[in-house]
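Shown next, in structure tokens, is the structure this report addresses.
The values are calculated or read from the model by the stated rules, or taken from the named source; none is laboratory data. These figures come from a predicted structure and were not determined experimentally. Cβ placement follows ideal geometry from the backbone for every residue including glycine, while neighbour counts extend to all protein chains displayed.
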Amino acid sequence: MSSSNSPIVLYDVLPNTDSPSERPYALLPNPWITRLVLKQKNIPFTVKPITVTELRASGPGSFRDRLASSLGAQGRPLIPMIEHNGKLIGDNQTIADYLDKQFPDSPSAFLPEITSRDAAQNQLASSLAWHCARQLRNTIGSGHAELIYEQATAMFDPVQREWMRSDEKIGLPGAMDTFRSMNRADLLASTRGHLAGVFSILSPIPAARIEGLEQDEVPNVIQRPADTYPDQSPRLFLSSPTKPGFADFTVFGWFLFTYIADRRLNEAIWTQSSGAAREWLEKEYNSGQDALKGDHRKPGYWPGDIPLRGVPEWADRMLSLYDNYTRRILDGEVLEGEPKVL
């Protein structure tokens, strides 16, 4: 661990200042990534809730002012941010990089089977894991954001909600009208299809197709990672066979976003079979406006019918991590480092 004893402060947004006692207040997906990286590394931290008004403020000492050298003229500070040793660090991947450097004996955020110090010695593996995590972070929200944004922003107080739904915040002219006009069946099918691709890494590896070769002879003929052979235990996480890392935390942040803001939509997206998705379209969303039509009504004909094998089990493992850390927060428990009064 780093020799510094300076406590880490994690900034997260408090959505509703009108009802500040409501828990869980931790809603947005990106701060969850940093929370879980800190828990993975067993680094104590204190959460400091702020509002989007504080986040957007300018002037001396503001977040914008403190990050001015890296934001540029048009940039704006985003959560999560951490403060450590008098320094403000923003962006969850940059935060993970910082923690890997400052706490080299803790598990690597990106290669969690080894320490950050050892990961730094393997530049090829570290680079591949880092860039794969970056790609996943930049794509996992597609579909999710459009499906959940209205429900999630409804949890903000009116002042913050106005900003969260603004074209400036979203970066799209007529953003909310565009989101509302999107066909939910298409969005849901696309989101489930993307998740099926992400979680294919947890699926068993097909037998190597080599003429006249018994499977126990395969390692003598081809070179594959050791955890891909049939006699190995099933892979448990996205980042590594047995330990979660940044890729898991990134995907799990979006699971939690829908879980907190719209439990029925969460089931529609994340359940292995598509039954909950079909029911959500038909009965839950907008009086069935985007219910499946034509051949898509037949089982197996809608692209969203793709099964999400292993996903519910993975989600349960993630909820159970670090002494049920996330599950306890979702249940409203005030854990060490969390604000007792919101």
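Which members of the range 273-293 meet the condition of being in a helix (DSSP H, G or I) and of a type in the set (Lys, Arg)? First the steps, then the outcome.
Step one: filter the range 273-293 for residues in a helix (DSSP H, G or I), giving 275-284, 286-288.
Once the filter is applied, which keeps residues that are in a helix (DSSP H, G or I) and of a type in the set (Lys, Arg), the range 273-293 yields ARG278, LYS283.
If ARG235 satisfies every condition in (1) loosely packed, with under 14 Cβ neighbours inside 10 Å; (2) at pLDDT below 95; (3) within 22 Å of the chain's Cα centre (by Cα) but one, which is the exception?
Every condition holds for ARG235 apart from (1).
Scan the range 191-237 for residues that are within 30 Å of HIS296 (Cβ to Cβ) and either basic (Lys, Arg) or touching a residue at least 60 places away in the same chain (Cβ under 8 Å) (or both) and jot them down.
Taking the range 191-237 and keeping what is within 30 Å of HIS296 (Cβ to Cβ), we get 191-204, 206.
Within the range 191-237, THR191, ARG192, GLY193, LEU195, ALA196, VAL198, PHE199, LEU202, SER203 qualify.
Name the pairs whose Cβ atoms lie under 8 Å apart, with the first residue in the range 272-300 and among the aliphatic types (A, V, I, L, M), the second part of a helix (DSSP H, G or I) and exposed (fewer than 14 other Cβ atoms within 10 Å of the Cβ), and 6 or more positions between them or separate chains?
What qualifies is LEU281/GLY288.
Determine the pairs where a residue that is farther than 15 Å from PRO312 by Cα, located within the range 242-253, has a partner that is β-branched (Val, Ile, Thr) and assigned to a loop (DSSP other than H, G, I, E, B) with Cβ atoms under 9 Å apart, the partner being 6 or more residues away or on another chain.
Taking only residues 6 or more apart or on different chains, the pairs are THR250/ILE140.
Among the residues of the range 34-49, is any modelled with pLDDT of 90 or more, over 24 Å from ARG137 (Cβ atoms) and either part of a helix (DSSP H, G or I) or of a type outside the set (Gly, Ala, Ser) (or both)?
yes
Which condition number does ASP216 fail, the rest of (1) out of contact with any His (no Cβ under 8 Å at 6 or more places or on another chain); (2) outside any loop (DSSP other than H, G, I, E, B); (3) surrounded by 12 or more Cβ atoms within 10 Å (Cβ to Cβ) being met?
(3)
Which pairs do you get when a residue that is free of Cβ contacts under 8 Å to residues at least 12 places away in the same chain, found in the range 62-86, comes within reach of a residue that is part of a loop (DSSP other than H, G, I, E, B), reach meaning Cβ atoms under 8 angstrom, with the pair 6+ apart or on two chains?
Qualifying pairs under 8 Å: ASP65/SER58; ASP65/GLY59; LEU71/PRO77; GLY75/LEU67.
How about the range 126-147: which of its residues are surrounded by 15 or more Cβ atoms within 10 Å (Cβ to Cβ), over 14 Å from SER190 (Cα atoms) and among the hydrophobic types (A, V, I, L, M, F, W, C)?
ALA129, TRP130, CYS132, ALA133, LEU136
If LEU88 passes every condition in (1) within 23 Å of THR242 (Cβ to Cβ); (2) surrounded by fewer than 17 Cβ atoms within 10 Å (Cβ to Cβ); (3) modelled with pLDDT of 95 or more; (4) of a type outside the set (Ser, Thr, Tyr) but one, which one does it miss?
Every condition holds for LEU88 apart from (1).
Kindly evaluate GLY75 against the criterion of being over 21 Å from the mean Cα position of the chain (by Cα), closer than 28 Å to ASP248 by Cα and not in a strand (DSSP E or B).
Answer is yes for this residue.
Might you let me know whether the range 287-308 holds any residue that is within 30 Å of ALA208 (Cβ to Cβ) and in contact with a Pro (Cβ under 9 Å, 6 or more places away or on another chain)?
Yes, the conditions are met somewhere in the range 287-308.
Would you be able to tell me the number of residues in the range 105-115 that are in contact (Cβ under 8 Å) with a residue 24 or more places away in the chain, buried (at least 16 other Cβ atoms within 10 Å of the Cβ) and either touching a strand residue (DSSP E or B) at 6+ places or on another chain (Cβ under 7 Å) or in a helix (DSSP H, G or I) (or both)?
Kept after step one, since they are in contact (Cβ under 8 Å) with a residue 24 or more places away in the chain, are these residues of the range 105-115: 105-113.
Still in the running and buried (at least 16 other Cβ atoms within 10 Å of the Cβ): 106-112.
Adding the requirement that they be either touching a strand residue (DSSP E or B) at 6+ places or on another chain (Cβ under 7 Å) or in a helix (DSSP H, G or I) (or both) leaves 106-108.
Qualifying residue count, the range 105-115: 3.
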